[in-house]
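Below: one structure, written as structure tokens.
The values are calculated or read from the model by the stated rules, or taken from the named source; none is laboratory data. Owing to the predicted nature of the structure, the values given are computational and were not obtained by experimental measurement. Note that we place each Cβ from the backbone using ideal geometry, even for glycine, and neighbour counts take in every protein chain shown.
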Amino acid sequence: MNITEEKQQQTNMLRVKDKVAVITGAGSGIGRAAALLLAKHGAKVCLIDLNNNRSETVEKQINELGGESLFIDTDVSDPDRVNKAIQAAFEQWGRIDIVFANAGINGVVSPIEDMTPEAWDHTLTTNLKGTFLTVKYAIPHMKKNGGSIIITSSINGSRKFSGIGMSAYSSSKAGQIAFAKMAALELANYKIRVNVICPGAIQTNIGESTKETPQLDKIKIPVKYPEGSQPLEHGPGQPEQVADLVLFLASQESSHISGTEVFIDGAETLL
Ligand code: NAD
């Protein structure tokens, strides 16, 4: 194989070449890993996150790799800002093909009787309404060419209900699965696929968004789970492993998959 053919083959291996991806929660953890991987595979990436140094670092890393990215400081629970951020991505690159609605928080972990309505709202507004807003404002830009939407839910609220005190989080994650399926059917006419990923424990910065209340002790179930509760890994998964799944669902390789949830948990929920 000569150099030209080799270069051509490398280009062909870029699985989302020239696609435009919008990723929320792109500054950290799973969103960051997906942003880097999609950029390596040829996508231009709009990074949506709260204003922190992490997102700018991701933007810099992608640009250093020779890719194109644009960080937009946006709270996903704010309709106006989400609309403007997605509009800005469209204006920059003229299309949107991939949406990874991934931003999320654990929020307050508390007995239900002690959970304040404000804490409940904050988790639901960030995780579930944020997903709705991201998808809603992307649709007008995706209708012409079709595309792929991927939503990050969780094993919590779908296969696992032992996250004691996480009633708000699990409800938001269950809601995302129903929303993904409704959207998959509604958007099929536009050739927009919608899938939802359900990670088990992944090593990220999500602990920073967790606020345990002192009352939690009273509802803890006296069961000690064994260390390394993921049979496949003997520990939490890595964000890069989830990014591989996101790339697959974003690419043409998953062209006949829509409305499906994919569990990525090292068999954690089979225990
Ligand atoms: P992370 O904390 O490392 O990353 C989440 C990102 O979302 C952060 O950069 C944060 O700033 C951003 N974010 C939070 N609130 C936001 C808002 N209102 N607007 C914009 N951005 C906001 O955590 P992660 O583990 O990578 O989480 C990503 C997704 O994965 C979340 O939806 C989470 O629920 C889900 N998840 C994580 C795990 C895990 O074990 N880490 C397991 C299952 C599901």
> Got a number for residues in the stretch 194-215 being within 21 Å of D114 (Cα to Cα) and crowded, with 19+ Cβ neighbours inside 10 Å?
Replying inline: 0
> Looking at R32, R81, which one is near the ligand (Cβ under 10 Å from one of its atoms) and free of Cβ contacts under 8 Å to residues at least 12 places away in the same chain?
Replying inline: R81
> Which members of the stretch 94-116 meet the condition of being surrounded by fewer than 19 Cβ atoms within 10 Å (Cβ to Cβ) and either within 16 Å of the ligand (Cβ to nearest atom) or within 18 Å of I192 (Cβ to Cβ) (or both)?
Replying inline: G94, R95
> Can you tell me which residues in the stretch 201-224 are assigned to a loop (DSSP other than H, G, I, E, B) and of a type in the set (A, V, I, L, M, F, W, C)?
Replying inline: A201, I221, V223
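Conditions tested, residue by residue: (1) among the charged types (D, E, K, R); (2) closer than 28 Å to P140 by Cα; (3) modelled with pLDDT of 95 or more; (4) outside any helix (DSSP H, G or I).
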| residue | (1), (2), (3), (4) |
| --- | --- |
| L185 | no, yes, yes, no |
| A188 | no, yes, yes, no |
| P226 | no, no, no, yes |
| V246 | no, yes, yes, no |
| G259 | no, yes, yes, yes |
| F263 | no, no, yes, yes |
> Would it be correct to say that S55 is in contact with an Asp or Glu (Cβ under 6 Å, 6 or more places away or on another chain) and hydroxyl-bearing (S, T, Y)?
Replying inline: yes
>> Being under 25 Å from A26 (Cβ atoms) and either modelled with pLDDT of 95 or more or outside any loop (DSSP other than H, G, I, E, B) (or both) is the requirement here; does Q176 meet it?
In response: yes
>> Please go through the stretch 100-113 and give me each residue that is out of contact with any Lys or Arg (no Cβ under 9 Å at 6 or more places or on another chain) and not β-branched (V, I, T), ordered by number.
In response: F100, A101, N102, A103, E113
> Do we find a residue being within 14 Å of the ligand (Cβ to nearest atom) and aliphatic (A, V, I, L, M) anywhere in the stretch 225-235?
Replying inline: no
> So which residues in the stretch 165-193 are away from the ligand (no atom under 16 Å from the Cβ) and surrounded by 15 or more Cβ atoms within 10 Å (Cβ to Cβ), if there are any at all?
Replying inline: K181, A183, A184, L187, K191, I192, R193
>> Going by what's in this entry, would R54 be described as surrounded by fewer than 24 Cβ atoms within 10 Å (Cβ to Cβ) and either under 18 Å from A138 (Cα atoms) or aromatic (F, W, Y) (or both)?
In response: no
> Quick one: is W120 more than 14 Å from the ligand (Cβ to nearest atom) and either within 23 Å of C198 (Cα to Cα) or within 14 Å of the chain's Cα centre (by Cα) (or both)?
Replying inline: yes
> Given S154, S162, which one is in a loop (DSSP other than H, G, I, E, B), within 16 Å of the chain's Cα centre (by Cα) and under 27 Å from G237 (Cα atoms)?
Replying inline: S154
>> Go through the stretch 140-164 and report how many residues are away from the ligand (no atom under 15 Å from the Cβ) and crowded, with 19+ Cβ neighbours inside 10 Å.
In response: 4
> Just wondering, is there one or more residues in the stretch 206-219 that are on the phi < 0 side of the Ramachandran plot and small (G, A, S)?
Replying inline: yes
